[in-house]
Structures are given as structure tokens and as C-alpha cells.
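Each remark here refers to the structure printed beneath this line.
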Amino acid sequence: MSDPTRPPAVGVLDQGPAITFPPGFLWGAATAAYQIEGAATAGGRTPSIWDTFSHTEGRTVGGHTGDVACDHFHRMPDDVRLMAELGLKSYRFSVSWPRVQPGGSGAANAEGLDFYQRLVDELLGHGIEPWLTLYHWDLPQPLEDAGGWPARDTAARFADYAQLVADALGDRVRYWTTLNEPWCSAFLGYGSGAHAPGRTDGADAVRAGHHLMLGHGLAVQALRASRPDAQLGITVNLYPVTPATDSPADADAARRIDALANRFFLDPVLRGSYPADLRADLASVTDFGHVRDGDLETISTPLDLVGVNYYSRHVVAAPVEGEQPEAYWRAPTCWPGSEDVRFVTRGVPVTDMDWEIDAPGLVETLQRVHRDYTDLPLYVTENGSAFVDTVVDGQVDDTDRLAYFDSHLRAAHAAIGAGVPLRGYFAWSLMDNFEWAWGYTKRFGMVYVDYDSQVRIPKSSARWYAEVIRRNGLAAQ
Ligand code: IFM
């Protein structure tokens, strides 16, 4: 491994004035189980919907699967050593449900839990705060076969699983995220079908979103009862949604997409209700008959923090006959009832995902959550970018990714200056990994992974981030 503390190339360390973050700011990096662990059949693990999906022809680029991924399951102690060398204060990982509770019901699998026991111990041994996400998209396949997230019972199964993980790890893990990005699970998984399980039904997507949130609420209640000292939250992926022009029709398109992308989750979780305009927009899709008395009280069970994943902005316009961009997360059925809204590209710089780079959008997003929803501490639980990386003389000089982090950290700092109680930031991702339907073709890591040899190479952005953590801020040039 190259020296992670070696300063990056001159001219890329700092892109603006010096800034310092508040004392105790939690600097971290994030990953997810299916994206890095591999060892798909080790120690009693059974298939999740992502195993099934990725093994189905045509679902992922190149037919890539998470069977081996970064082989983190076998290399975990070395990976934690690398995190320590980078100076991470916290590491956000997810637990693989089918590893610790094969099939999604019944007793815990001691062998599966053992991996996470060792991971947590290893982290604590290196002074790194474990941050545990319970669900980062790997629903056990038998639960999908029984109806998946559109089925109400899945919420109860999730709460049982949460209890089982809390029993095993609750004594050492302080920070808990129930769900990662329920929008993706619901609308990409059951609406557009771009993600596992690949179903395409708008009403199912809406039901899935509700039952994911119900599972979240039930899990929070279970965790709270058994670990009153834990810090509990949810992670939502949020986007500022901007109308392409100031026409009333474009403003309405923005309102509709904002309702589906953001308020669908923020309102029930933080206000205990669905937005009235969202219900009206979805009238042709569902009558919300799946919402039972008491559900919204459960869903809005009080939290200790909110996690925000931020990547980009949506710019939208009113329908025009025959125009619909084809980017995968914009596929029409991501947006039940608003399929005809157009997503507009503005010609600003984009990442390798084609996502617009928009650091001010992070300030906007954090301010909105704080202003409109909650005084709770906020954490950026993911932020990062995919770019094409090249290894030259054993080094990866990813100045574009570094600049992305730099601009977004400056935005995070600006949000704090504007009064947002932002307490931490997690770079996505610690290392290159399985980028879902894109397989291994998109690299988000600060650490390069050579998938043939499994050698890890900290990129310039990793060395830069180590320095940011050491300084608790960014220095002027
Ligand atoms: O890789 C994903 C992650 O699993 C969830 N948030 C967005 C990332 C980049 O697409």
C-alpha cells in the first residue's frame, strides 16, 4: 500500500480559504455490505434480492455480481488498518441481513454475526466509532418471495432482525441507521426496476416506501427499548428540485418531483403525515389503503439524528410530448403518477454517473431539513462522486474527485455557519465497490481497488481527506 499520509499533488489540496469545523466533528467514510463484502455463500449466508438480481441476465452492466466484490469479508482487519491510517474517526458500514439471519426469519446465525462482532471490535480497537446501518438494500430473497417490501409483514420481519442485531452489537455500537435511502429501495426496486428486485409497478413502489418506513419506526422502537443510550436515525437521499424555468408549469413539475423524491419520506418520518399534494398527485396510482391507523405514529417515532445522503440536484420541466431522458434513475416509473415530468440537463460539469456537480445544493438541502423539519443533529452520511481513475506508477491522482469533496466540504461548512446542526460527514465511499446496476464500472472510492489482485491504493483524495481530518478543516492555499 502506498503512504496514505503523503501530501497530494501541489495545487489540489485546497481550493479556497481556510476553514475549520467544530470540535468533535465526526469525520468518516461509508460502505455497504453487498457492495464490498463478497463471500456470498460463506458461513451460512443465503441469497438476498441483490444476489438474485445480479445473477439474472441483463440486470447489471457486464453481468457483474457482488459474489466477491472487494473481498472485504476476508480482508476486514487490513481494511480497518487502512481506515486507521487515514485517520477516520468513524466508519459507516451496513450489516448483511441474510448473513446474520439467513432467509430473513428465525434465529440469528452466529457465524454471520461473528463477522460484525470482529469488525466492531477491530474498529473500536483502532479508536474508530462504528456506525451501523441495518438495511442497505439486501432483503433476504425468501422475504421478497413472500411479497417483498410492498407486503406489510416485511416491516415486522425487519424489526425482528433489528432486535437480533441490537442484541449482538448494541453494547458496542452507539450510532444506528435503520434504512439507507428508502427512496431507492422503493422506487428503483419496485417502480423503475433498475434495482433489485426489479419490479415495475407504481402502486407497489408506493406501498414499499410505506412499509420501509413502517419497518424503520418499528425498528426504532425495538432499538430504543433495548438500547436507550443509542443514537438512532434514518438516512434519506435528498435532492434540491429546481424548475428549469420560472413558468408555473415547470414549478408544478418541481413540486411533484420534490414530493416523490424528498417529502414522501421526510414528512411521515419527521411530521407523522403524508403531504396532501403527494396524495393528490398519486390518486391515479393508489388510494393509500395500505396505510393503517397508527402507522404514521409508528413511522414518526422520535429519533436522535437524521442522516442525509447528497449527490446532486434534479432540474425538471413540465411535460413535452415525446421527450424523456434515459438516465436509469430517471426512468419514468421512478416517479409514479408524474411519469411525464422531464429531467433537464443544464450542461454544467457532471461526474461519471452523469450527475451534475452542485455543491450549493448541499447547503440548500441541509438548510431545508433543519428549517422545515427538525432541530435534530444532522449528519451527511454519504457524499461523493464517481470518476474514471487511472493507475500511473502505482498511484491514482483523482483531482476531480478531490475537488468534488473539497467543494462539498466547503458547502457543509457554510451550512454550519448558517446555523445547521451538522455534526459529521461520511465520504462515499471508503473504497471502490459494486455500484449496483453499474457493477464495477463506476468508481466512487477514495481508495482504488484492483479487482483482480484486491490490492488497495489510496488515491490522492484519500491522502487529502486524511489531512482534512488531521486539521479538522481545510487550509488555505
Ligand atoms: O453506491 C451508492 C450507495 O449504495 C447508496 N448511495 C449512493 C451511492 C452512489 O450511487
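Given a 1.4 Å probe, how much area per residue of the range 127-269 is accessible, in Å²? Could you put the intermediate results ahead of the total?
Values: 3620 Å² over 143 residues.
Normalised by residue count, the accessible surface of the range 127-269 is 25 Å².
Amide H neighbours of L422 under 5 Å, counting only residues 5+ apart in sequence or on other chains, H built in-plane at 1.01 Å?
Here the answer is L378, since their amide H atoms fall under 5 Å of that of L422.
Going through the range 333-421, which trypsin sites (Lys or Arg not before Pro) have at most 16 other Cβ atoms within 10 Å and a DSSP loop state?
Working: sites: R342, R346, R368, R371, R401, R410; in loops: R346.
The qualifying sites are R346.
Relative to the Cα centre, what is the charge dipole magnitude of the chain, using +1 at the beta carbon of each Lys and Arg, -1 at the beta carbon of each Asp and Glu, and rounding to the nearest 20 debye? Show your work: numbers first, answer last.
Numbers: 39 positive and 62 negative charges, 212 e Å.
Taking the Cα centre of the chain as origin, the dipole is about 1020 debye.
Cα-Cα pairs above 15 Å in the range 376-447: how many percent? The partial results should precede the final answer.
Details: 1499 of 2556 pairs.
Percent of Cα pairs beyond 15 Å in the range 376-447: 59.
Using the Cα atoms of the range 330-477, I'd like the radius of gyration and the largest Cα-Cα distance, Dmax, both in angstrom.
Using the Cα atoms of the range 330-477, the pair Rg, Dmax is 17.1, 52 Å.
Using θ = phi - 60° and the Karplus curve 6.51 cos²θ - 1.76 cosθ + 1.60, what whole-Hz ³J(HN,Hα) does each residue of the range 253-267 get, with Gly and Pro shown as x?
For the range 253-267, the Karplus-derived couplings read 4, 5, 4, 5, 5, 4, 4, 6, 7, 10, 6, 3, 9, 4, 5 Hz, x marking Gly and Pro.
Calculate how large, on average over all directions, the projected area of the Cα convex hull of the range 11-81 is; give the answer in nm² to one decimal. Let's see the in-between values first.
Numbers: hull surface 34.9 nm².
Orientation-averaged projected area of the Cα hull: 8.7 nm².
Please compute the length gained on full extension between D67 and A476, using 0.36 nm multiplied by the number of residues separating them and subtracting their Cα-Cα distance. List each step's numbers first, then the result.
Working: separation 409, 0.36 × 409 = 147.24 nm, distance 4.36 nm.
Gain on extension, D67 to A476, equals 142.9 nm.
Hey, if you put +1 on the Cβ of every Lys and Arg and -1 on every Asp and Glu Cβ in the chain, which of Q454, A29, A259 ends up farthest toward the positive end of that dipole?
It is A29.
What number do you get for the chain when its Cα radius of gyration is normalised by 2.2 N^0.38 Å, N = residues? Display every interim value, and only then the final one.
Values: Rg = 20.9 Å, N = 477, 2.2 N^0.38 = 22.9 Å.
Dividing the Cα Rg of the chain by 2.2 N^0.38 Å gives 0.91.
Across the range 64-126, what fraction of all alpha-carbon pairs, as a whole percent, falls in each successive 10 Å bin from zero upward?
The percentages, shortest bin first, are 20, 47, 29, 5.
Compute for the range 206-276: radius of gyration divided by Kirkwood radius, i.e. Rg/Rh, restricted to C-alpha atoms, rounded to two decimals. Present the calculation step by step, with values, prior to reporting the outcome.
Values: Rg = 15.7 Å, Rh = 14.0 Å.
The Rg/Rh ratio comes out at 1.12.
Among rounded, prolate and oblate, which fits the range 325-408 when a ≥ b ≥ c are the square roots of the eigenvalues of its C-alpha gyration tensor, a/c under 1.5 means rounded, and a/b larger than b/c means prolate?
On the way: a/c = 2.48, a/b = 1.24, b/c = 2.00.
Oblate.
Can you pull the percent of the range 173-325's accessible area that's carbon plus sulfur, 1.4 Å probe, other chains left in place? Numbers along the way, then the final one.
On the way: 2370 of 4820 Å².
Here it works out to 49 percent.
For the range 59-124, report the accessible area per residue in Å² (1.4 Å probe, heavy atoms, rounded to an integer). Write out the running numbers ahead of the final one.
Numbers: 2280 Å² over 66 residues.
I get 34 Å² per residue for this part.
Which value does Rg/Rh take for the range 191-318 over its C-alpha atoms, Rh per Kirkwood?
On the way: Rg = 15.9 Å, Rh = 15.9 Å.
That ratio equals 1.00.
In 10 Å bins starting at 0, how do the alpha-carbon pair distances of the range 98-213 split up by percent?
With a bin width of 10 Å, the distribution comes to 14, 43, 29, 13, 1.
Highest mean first, how do 209-215, 417-423 rank when packing is the count of other Cβ atoms within 10 Å averaged over residues? List each step's numbers first, then the result.
Working: 209-215: 26.3, 417-423: 16.0.
By packing density, highest mean first, the sequence is 209-215, 417-423.
The values are calculated or read from the model by the stated rules, or taken from the named source; none is laboratory data. As the structure is a prediction and not an experimental result, all values here were calculated from the model. So basically every Cβ, Gly included, is an ideal-geometry build from the backbone, and we count neighbours across all protein chains shown. Surface accessibility is based on the protein's heavy atoms, side chains included, excluding ligands, DNA and RNA. Shrake-Rupley method; radii C 1.70, N 1.55, O 1.52, S 1.80 Å.
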